[in-house]
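Taking it in order: structure first as structure tokens, then the write-up.
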Amino acid sequence: MSGLLNKRPLAKAFAVITVGGITTYAVSRCFSRSAFAESPMPKRVFGKGPAFVYLQLHSSENVNHNTKRLCFRLPGGESAQSGLDLTSALLTFSKPAGSWLPVLRPYTPISKLDKPGFIELLIKKYPNGKASTHLHNLRPGDSLLFIAGISGFSWTPNKFKHVYLVAGGAGITPIYQLAQGILDNPIDKTRVTVIFGVNTEDDLLLRSELDAYKQRYPDRFNIHYTVSRPKEEFSPERGIRSGYITKELLAELMQGPSEEDTKVFVCGPPAMETALLGSGSSGKGGNGILEQLGYSKDKVHRF
């Protein structure tokens with residue numbers, strides 16, 4: 001993955017790119033940033049269709065050795081909101097220094113989607129990652145072009161009694177956005193179980209936020225961490241396990257397909273997704289761990 005990107009199929013994103021093509025950049029250059037500032041901005045900055053909005057970086061915070069939390073200011077100030085629906089990403093347009101071609105990448109916001117004035121992204125920098133390196137080099141006051149919002153799974157409150165959210169590494173961002181959206185909605189009573197696997201304890205991104213939800217909603221929300229390369233021995237009692245997300249672990253933590261009105265959401269590195277979902281696009285090759293546990297494809301969604 002490049003950055004903490006939402007790995008949904010990019011059909012809608014490519015539709016935007018196909019329409020604009022290389023002229024996307026040319027069109028954006030025809031409008032100065034002052035033109036964006038002078039135009040009346042809607043309260044919902046992103047909605048359906050292209051947006052082509054420059055957002056100014058408000059703050060940049062180091063989270064660990066390779067991840068930053070970037071907070072962008074929405075045009076319109078406190079009266080503006082993102083306008084995104086739950087399980088959405090934002091398509092960004094970068095022109096890294098020394099690169100002949102622009103780079104487009106989707107990233108999942110981690111801030112509340114109705115947060116006034118700002119939107120936050122969690123960006124992991126990858127070796128030779130053009131977009132993630134460019135975003136890590138941004139400084140407060142710099143601007144980034146956001147092309148459009150990308151809709152994901154159409155979430156309906158209380159459609160499921162229980163959802164399992166399985167994340168690996170950088171794949172925690174869409175998983176966290178969904179958990180946050182469910183738990184912060186007073187009319188949504190869906191139970192949420194997150195299973196989060198990483199390489200080291202330092203890679204447990206958003207841990208404080210997830211632990212805070214566990215404290216607030218102990219009867220509705222549960223979080224299980226597992227670390228494949230721990231520096232010390234962990235135990236379930238401490239809230240952290242050692243090892244990978246395996247068939248045995250999921251069989252222990254999940255109630256199985258006989259549980260009524262459930263849905264499993266998955267997002268993580270390619271190797272993890274292949275193990276859980278099977279080979280082929282979107283796991284259509286079958287024979288993944290979830291299928292072995294009895295979960296049919298209609299009960300699983302891959303971000």
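Summary table below
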quantity	calculated
Net charge over other residues, Cβ less than 12 angstrom from the Cβ of residue 120 (K, R count +1; D, E count -1)	+3
Cut-off 10 Å between beta-carbons: net charge of the residues surrounding residue 196, Lys and Arg +1, Asp and Glu -1	0
Å² of accessible area per residue within segment 146-272, as computed with a 1.4 Å probe and no ligands counted	43
Other-chain or far-sequence residues with amide H under 5 Å of residue 126's (modelled H)	3, 132, 133
Other-chain or far-sequence residues with amide H under 5 Å of residue 300's (modelled H)	264
Mean Cβ count within 10 Å, highest first, over the residues of peptides 224-233, 192-201	192-201, 224-233
Long-range amide H partners of residue 44 with built H, under 5 Å	81
Segment 212-251, relative contact order in percent, only Cα pairs under 8 angstrom and at least six apart counted	32
Segment 56-106: relative contact order in percent, alpha carbon pairs under 8 Å with at least 6 residues between	22
Rounded to whole Hz, the Karplus (6.51, -1.76, 1.60) HN-Hα couplings of segment 138-144, x for glycine and proline	5, 10, x, x, 6, 10, 10
Filtered chymotrypsin sites (Phe, Trp or Tyr not before Pro), segment 88-143: DSSP coil and at most 15 other beta carbons within 10 Å	100
Of 98, 171, 133, farthest towards positive along the dipole that unit charges on Lys, Arg, Asp, Glu beta carbons give segment 89-243	98
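The values are calculated or read from the model by the stated rules, or taken from the named source; none is laboratory data. Everything numeric here is computed off the predicted structure, so don't read it as measured data. All Cβ positions, even for glycine, are placed from backbone atoms using ideal geometry, and neighbour counts span all protein chains on display. The protein model used for the area step is the full one, side chains on, heavy atoms only, and it has no ligands, DNA or RNA in it. Shrake-Rupley method; radii C 1.70, N 1.55, O 1.52, S 1.80 Å.
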